[in-house]
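This report refers to the structure that appears directly beneath it.
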Amino acid sequence: MPLLQVEEVRRVAGDALMRVGVPVGHAAEQVDLWLDAELRGVPSHGLLRLERLAERIGKGLADPKAIGLHEWRGAGFLAVDGRKGLGPIVANAALEQVTARARETGIAVAAIANSQHIGMLAWYAERVARGGQVAIVLSTSEALVHPWGGRKALLGTNPISIGIPTGEPDPFVMDTATSIVSMGEIHDRAHRREPIPSDWALDENGSPTTDAEAAKRGAIGPFGQAKGYALGLAFELLVASLAGAALGPDVHGTLDAEYLCNKGDIFIVADRVQTAGLSTYLQLIRNAEPAEGFASVLVPGERGRALRAERLKSGVPIADPVWARLLALASDDVPKRQGAST
């Protein structure tokens with residue numbers, strides 16, 4: 001994998017999106033989300049997703065200019081029809097509304113349907129927390145995870161991210177799927193032709209596999225066995241009931257270029273945060289004696305933040321097939337920079 005300078009990657013990816021009709025501002029926002037995932041060591045939610053989004057736009061399954069239709073259903077509940085818009089564009093437009101409303105009401109919720117994949121949830125939670133508010137972000141996906149005790153994929157990976165101001169320069173941010181790994185990570189390993197651990201996934205016959213390609217056709221395991229399964233199912237039901245999203249095997253559109261995207265996203269924003277004592281408590285955790293095999297005890301989010309700072313200086317590694325495809329998409333003989341002035 002080449003080490004590439006961040007601004008070069010940003011330019012190439014932005015050009016690739018603008019060539020398929022994404023307005024310049026929307027392209028910059030979408031690329032920032034993907035690039036942040038690459039910088040923090042989460043390539044599963046990074047630039048490997050650009051090619052599929054470009055294909056979805058070309059087929060009319062995604063609208064690169066939409067920002068979503070908002071309807072307040074009560075003082076603190078915003079229902080959003082994403083109108084097939086790009087995930088971060090629709091999500092940030094909704095967040096602008098609910099963060100402002102939460103300052104008035106104390107808490108506000110945005111429930112989003114009919115938008116594209118929103119990417120790494122921590123990107124949103126951190127932004128809200130840096131603004132002095134608490135964020136809880138939930139999303140669903142295609143049925144990629146088998147229920148505990150089962151062999152067939154029936155649940156989404158159903159991640160959650162929580163961002164909390166702590167009085168420190170950086171907020172607390174956690175982000176985790178309820179599966180043992182994301183399907184994006186499986187796809188990333190397949191791109192790199194690397195094996196996966198034997199406890200990550202089952203193949204299409206329901207047998208454990210170390211082959212990432214076979215895992216793509218099978219089912220991922222829930223993290224923490226029955227506990228991860230329970231959380232994943234609870235989040236699936238919660239998001240579907242609030243956003244009106246599809247459930248389980250009926251969800252499509254984040255890993256294909258054939259169907260409309262019908263998963264859901266939930267943003268809960270709370271104001272009037274009390275940060276007294278949070279920093280002291282986090283420092284107590286950092287100062288804890290590490291167990292054998294660990295150099296130190298980290299607070300969630302710190303590893304990715306440190307890696308981001310390092311890669312901003314040294315460059316970011318992009319898988320060879322992904323970078324080659326980005327270069328091709330940025331230079332294809334297709335109409336250039338459609339909507340670039342929008």
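The values are calculated or read from the model by the stated rules, or taken from the named source; none is laboratory data. No experiment lies behind these values; they were computed from the predicted model shown. Here Cβ is always computed from backbone atoms with ideal geometry, including for glycine, and neighbour counts include all displayed protein chains. Each accessible area value is taken on the protein alone, full model and side chains, heavy atoms only, with ligands, DNA and RNA left out. Shrake-Rupley method; radii C 1.70, N 1.55, O 1.52, S 1.80 Å.
Structure values in brief
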| quantity | calculated |
| --- | --- |
| Selected residue (only one of Val24, Val12, Val80 is more than 16 Å from Ala330 (Cβ to Cβ), of a type in the set (Val, Ile, Thr) and touching a helix residue (DSSP H, G or I) at 6+ places or on another chain (Cβ under 9 Å)) | Val80 |
| Selection status of Ala288, part of a helix (DSSP H, G or I) and without any contact (Cβ under 8 Å) to a residue 60 or more places away in the chain | no |
| Members of the stretch 183-220 found to be in a loop (DSSP other than H, G, I, E, B), open to solvent by less than 20 Å² (accessible area, probe 1.4 Å) and in contact with a helix residue (DSSP H, G or I) (Cβ under 8 Å, 6 or more places away or on another chain), listed by number | Ile196 |
| Asp170 touching a helix residue (DSSP H, G or I) at 6+ places or on another chain (Cβ under 7 Å), open to solvent by 20 Å² or more (accessible area, probe 1.4 Å) and farther than 29 Å from Ala125 by Cβ | no |
| Members of the stretch 37-54 that are within 12 Å of the chain's Cα centre (by Cα), small (Gly, Ala, Ser) and not in a helix (DSSP H, G or I) | Gly46 |
| Some residue of the stretch 268-281 being at pLDDT 95 or above and under 27 Å from Leu50 (Cβ atoms) | no |
| Boolean, Leu278 is open to solvent by less than 60 Å² (accessible area, probe 1.4 Å), within 30 Å of Ala135 (Cβ to Cβ), touching a Gly at 6+ places or on another chain (Cβ under 8 Å) and touching a residue at least 24 places away in the same chain (Cβ under 8 Å) | yes |
| From the options Val109, Val42, residue that is within 30 Å of Ile196 (Cβ to Cβ), in contact (Cβ under 8 Å) with a residue 60 or more places away in the chain, open to solvent by 20 Å² or more (accessible area, probe 1.4 Å) and not charged (D, E, K, R) | Val42 |
| Residue tally, condition open to solvent by 30 Å² or more (accessible area, probe 1.4 Å), within 13 Å of Gln116 (Cβ to Cβ), at pLDDT 95 or above and out of contact with any His (no Cβ under 6 Å at 6 or more places or on another chain), over the stretch 224-261 | 2 |
| Verdict on Ala27 being hydrophobic (A, V, I, L, M, F, W, C), assigned to a loop (DSSP other than H, G, I, E, B) and open to solvent by less than 30 Å² (accessible area, probe 1.4 Å) | no |
